[in-house]
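Before any comments, here is the structure.
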Amino acid sequence: MKFLVINGPNLNLLGKRERDVYGSLSYRELEEKVTAHLEREGIECEFFQSNSEGEIVEAIQSAAGKVDGIVINPAAYTHTSIAIRDALLGTGIPAVEVHISNVYAREDFRRKSLIEDVVVGKVCGFGWFSYVLGARGLAQHLSEERK
């Protein structure tokens, strides 16, 4: 099974920004930890990060026919991007939404996701491990769907 892990704006600043919210791991360390966990479970993953909405849309579209699923942390675009929503719908690639922080325990605007109704599920609040939990859930969903 192969997943594309997409990260949105400012996630490249992990370990430097708001460490009380996002933790002390750098983006590279997050990639390494998530990759190691998923490889042990037989899930191959490729990471993509961009601060540009258009590049994220391109990554989703380019993934069609190349991956089994998408694990996506749209970051700030979670609350604003119809384009990312439409790309997920348009490709039909099963996806799960993840967030490092518990978005429901933060500012009101972070509680509304424009993609939550077009993804298989959503995991938030478990730090970097949200990615592992999201990928596991997506893998389970795909396995059951193929039966």
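The values are calculated or read from the model by the stated rules, or taken from the named source; none is laboratory data. Small disclaimer: the values here were computed from a predicted structure and weren't measured. Cβ sites come from the backbone with ideal geometry, for glycine too, and all protein chains shown count toward neighbours.
Numbers for the structure displayed
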quantity	calculated
Any hit, region 106-115, residues being of a type in the set (A, V, I, L, M), out of contact with any helix residue (DSSP H, G or I) (no Cβ under 9 Å at 6 or more places or on another chain) and either in a loop (DSSP other than H, G, I, E, B) or at pLDDT 95 or above (or both)	no
Residues that are among the hydroxyl-bearing types (S, T, Y) and under 12 Å from the mean Cα position of the chain (by Cα), drawn from region 107-132	S130, Y131
Residues satisfying the stated conditions in region 67-99, i.e. within 23 Å of N12 (Cβ to Cβ) and either among the acidic types (D, E) or more than 15 Å from the chain's Cα centre (by Cα) (or both)	T80, A83, E97
Residues located in region 110-144, provided they are in contact (Cβ under 8 Å) with a residue 60 or more places away in the chain, more than 17 Å from E31 (Cβ to Cβ) and touching a His at 6+ places or on another chain (Cβ under 8 Å)	none
